Amino acid sequence: MNMKISVDIKKSDIVKLNIWLALKSKGTYSLIVIVFAALWAYAIFKHGVPQTTEKWVVTFLIALTSGLAAAILGLATNLLQILLSSSVENGVLGLHEYEISEGGLYEKTAANEAKTMWKGITDIRKLRQYMLIQIAPGLFHVIPNSSFDSEEEFRNFYLASRKFWKDA
């Protein structure tokens, strides 16, 4: 059974996906903890152990805010780099034609055509608005559910993809 879908990937899809991935990434939370711990240790080294509850709270909040700011800055930098390097010409944005079959996942864009065997796919996930087919760490085919005429078509495409992948 072959199934086809045409997908128009926009910059907003790339932004939403990367924010979701950052929120799910252990690396994001590790960065927050590392920056928090480093600034906490620095504050204690430089000013000594806080002597009042107010100073404990201020030190904690400054370290926590700095950790969160580092994570947000990292995400913003990553998003800027991705958005500046993504275009229709290089096949990241714009029309993607996908076909799934027992033989694999076939993709055609303005820039390339590729077939990925199911055993070469790392993971297939469904988010609220997207189906992600992971082909390498940090590299995904993004299929928005808005590309389908109905939620049922989206679900069927997702389930068929998962079945082909699991059976490979």
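Where nothing but the Cβ of Lys and Arg (+1) and of Asp and Glu (-1) is charged, how large is the charge dipole of the stretch 105-168 around its Cα centre, in debye to the nearest 20?
On the way: 10 positive and 8 negative charges, 57 e Å.
It works out to roughly 280 debye.
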Q) Whole-Å semi-axes of the stretch 40-97's equivalent ellipsoid, largest first, each the root of 5 times a Cα gyration tensor eigenvalue? A) 45, 10, 6
Q: Whenever you get a sec, compute what percent of the accessible area on the chain sits on carbon and sulfur atoms (1.4 Å probe).
A: 61 percent
Q: Can you work out the accessible area per residue across the stretch 9-168, with the rest of the protein chains kept in place, probe 1.4 Å, in square angstrom?
A: 62 Å²
Q: Using a cut-off of 14 Å between beta-carbons, work out the net charge of the residues near Ala168 (Lys and Arg +1, Asp and Glu -1, Ala168 not included).
A: +2
Q) How many Lys pairs in the stretch 1-128 lie less than 26 angstrom apart by Cα atoms, where the lysines are 8 or more positions apart or on different chains? A) 27
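Taking all protein chains together and a probe of 1.4 Å, list Arg155, Arg162 from the most accessible to the least accessible.
Reading off the accessible areas and sorting them downward yields Arg155, Arg162.
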**Q.** Listed residues Trp20, Trp165, Trp118 arranged by accessible area, highest first, probe 1.4 Å
**A.** Trp20, Trp165, Trp118
Q.
For the chain, set up a GNM with springs between Cα atoms under 10 Å and report which of Phe148, Phe140, Phe45 has the largest fluctuation.
A. Phe45
Q | Ile44 accessible area, 1.4 Å probe, all protein chains in place, Å² to nearest 10 | A | 50 Å²
Q) Can you pull the accessible area of Glu54 for me, 1.4 Å probe, Å² to the nearest 10? A) 140 Å²
Q) Of all the C-alpha pairs in the stretch 88-168, what % are more than 16 Å from each other? A) 51 percent
Q) Can you list residues whose amide H is under 5 Å from Val92's amide H, if they're 5+ apart or on another chain and H is modeled 1.01 Å from N? A) Ser87
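Quick check: net charge around Ser6, other residues with Cβ under 12 Å of its Cβ, Lys/Arg +1 and Asp/Glu -1? Display every interim value, and only then the final one.
Values: positive: Lys4, Lys108; negative: Asp8, Glu97, Glu99, Glu107, Asp149.
That sum, taken over residues with Cβ under 12 Å, equals -3.
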**Q.** nm² value of the averaged projected area, convex hull over the Cα atoms of the chain
**A.** 12.4 nm²
Q: Rounded to whole Hz and in sequence order, give me ³J(HN,Hα) for the stretch 108-120 from the Karplus expression 6.51 cos²θ - 1.76 cosθ + 1.60, θ = phi - 60°, writing x for Gly and Pro.
A: 10, 10, 5, 9, 6, 10, 8, 10, 10, 5, 4, 5, x
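Taking the Cβ of Tyr130 as the centre, find all other residues whose Cβ is under 10 Å away and add up their charges (Lys, Arg: +1; Asp, Glu: -1).
Working: positive: Lys16, Arg125, Lys126, Arg128; negative: Asp13.
After counting each charged neighbour, the total is +3.
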**Q.** Heavy atoms of Ile34 accessible to a 1.4 Å probe, total area in Å² rounded to 10
**A.** 110 Å²
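The values are calculated or read from the model by the stated rules, or taken from the named source; none is laboratory data. Please read these numbers as outputs of a predicted model, since none were measured by experiment. Counting neighbours? That spans all protein chains shown, and the Cβs are built from the backbone with ideal geometry, glycine included. Heavy atoms of the whole protein, side chains included, go into the accessibility calculation; ligands, DNA and RNA do not. Shrake-Rupley method; radii C 1.70, N 1.55, O 1.52, S 1.80 Å.
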